[in-house]
Amino acid sequence: MRTKQILLALLTLLVGSSLMFAGTVSGKVTYTGTPAKQKAIDMGKEPSCAKQHATPVLNETVVTGPDSALDNVVVYVSSGAPDDGQVPSQAVTYEQKGCQYIPHVLAMHVNQELKITNDDQTSHNIHPLAKVNQEWNKSQPPGTPPIVEKYTKPEFISVKCNIHPWMHGWFVVLNTNHYDVTKGGGDFKLPNLPPGKYTITAWQEDYGTQTADVTITGNETKDVNFTFKAKAY
């Protein structure tokens, strides 16, 4: 019994020490130029969804915020983070509501459980266009249980609904838990990074990717900002 207590104490000490020297990378994603205007979506062919929206829904290919902020950008550690293989036990959820995908961009770890729900009064047909992982296409009538899936390889997967052509989103499957998706003001935060050299990647579905290298030496916070050039009209 005493041996177990000593081992537990040592383990607690080691975990505490690693967290003590864990750093953070944080920053903001912005744009320059004039992004294309978000177009209104006509849901007239699906009245049950149209009536859920007081104002027209806009497409989410490029979503901007105050002070030139850029939202729906996935920022993640693409190199340097130890791949400990610790898949989160909690599932991520992709919601179909008002004939929209919520969230528009859903990031997850390889082999993490994915649950897809249908909160609408109409059927949906969710079709992730995977190329590295196995492609599938499933119908989901209203009131049916969630669709449960997993992806075994990293990939950026475009998602569409074969019934409602305006529905579009993304699954971003990563080999790391060190990621964030900008929302509201373009901000991101990647905590709990042990000392080391890292490559940070920012991905936006229409503007592509940018990378930055950063070195963490202790329990510090390093600022990394990304600026994308907006595409012309």
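Please treat every number below as a calculation from the coordinates, not as lab data. Keep in mind the model is a prediction, meaning the values are calculated, not measured. Glycine also receives a Cβ, built like all others from the backbone with ideal geometry; neighbour counts cover every protein chain displayed.
Taking amide H atoms as placed 1.01 Å from N in the peptide plane, the amide H of residue 57 lies under 5 Å from those of 41, each 5 or more residues away in sequence or on another chain. Rounded to the nearest Hz, the phi-derived 3J(HN,Hα) couplings of segment 222-227 under the Karplus curve 6.51 cos²θ - 1.76 cosθ + 1.60 (θ = phi - 60°) are 9, 8, 9, 10, 10, 10, where x marks glycine and proline. Between the exposed loop cleavage positions of the chain, defined as GluC sites (Glu not before Pro) in a non-H, G, I, E, B DSSP state with at most 15 neighbouring beta-carbon atoms within 10 angstrom, the longest gap is 1-134. Under the combined filter of DSSP loop state and at most 16 neighbouring Cβ atoms within 10 Å, segment 107-189 retains these chymotrypsin sites (Phe, Trp or Tyr not before Pro): 136.
Between residue 122 and any residue 5 or more places off or on another chain, the built amide H atoms are never under 5 Å apart.
Against the main long axis of the alpha-carbon atoms of the chain, helix 2-20 sits at an angle near 60°. To the nearest 500 deg cm²/dmol, what mean residue ellipticity at 222 nm is calculated for the chain from DSSP H runs of n ≥ 4 alone, each contributing -39,500 (n - 2.57), summed and divided by the residues? The per-residue figure over the chain is -3000 deg cm²/dmol.
Residue by residue, segment 101-110 carries 3J(HN,Hα) couplings of 8, 10, x, 5, 10, 10, 9, 7, 8, 3 Hz when phi is fed to the Karplus relation 6.51 cos²θ - 1.76 cosθ + 1.60 (θ = phi - 60°); x denotes Gly or Pro.
Dipole check for segment 23-229: with +1 at the C-beta of Lys and Arg, -1 at the C-beta of Asp and Glu, and the Cα centre as origin, the magnitude is about 300 Debye. Label segment 103-195 by shape, choosing from rounded, prolate and oblate, from the square roots a ≥ b ≥ c of the eigenvalues of the Cα gyration tensor; if a/c is under 1.5 it is rounded, and otherwise prolate applies when a/b is larger than b/c, oblate when it is not. In terms of gyration-tensor shape, prolate. In this structure, the amide hydrogen of residue 63, modeled 1.01 Å from its nitrogen in the peptide plane, lies closer than 5 angstrom to those of 71, counting only residues at least 5 positions away or on a different chain. Dipole orientation for the chain: of the candidates 224, 201, 176, 176 has the Cα lying most toward the positive pole (charges on Cβ; Lys, Arg +1; Asp, Glu -1). Connecting C-alpha atoms closer than 10 Å in a GNM of the chain, tell me which of 86, 204, 112 has the biggest fluctuation. It is 86. Which links in 197/231; 37/138; 51/138; 97/131 stretch past 30 Å when you go from one Cα to the other? With Cα atoms farther than 30 Å apart: 197/231; 37/138.
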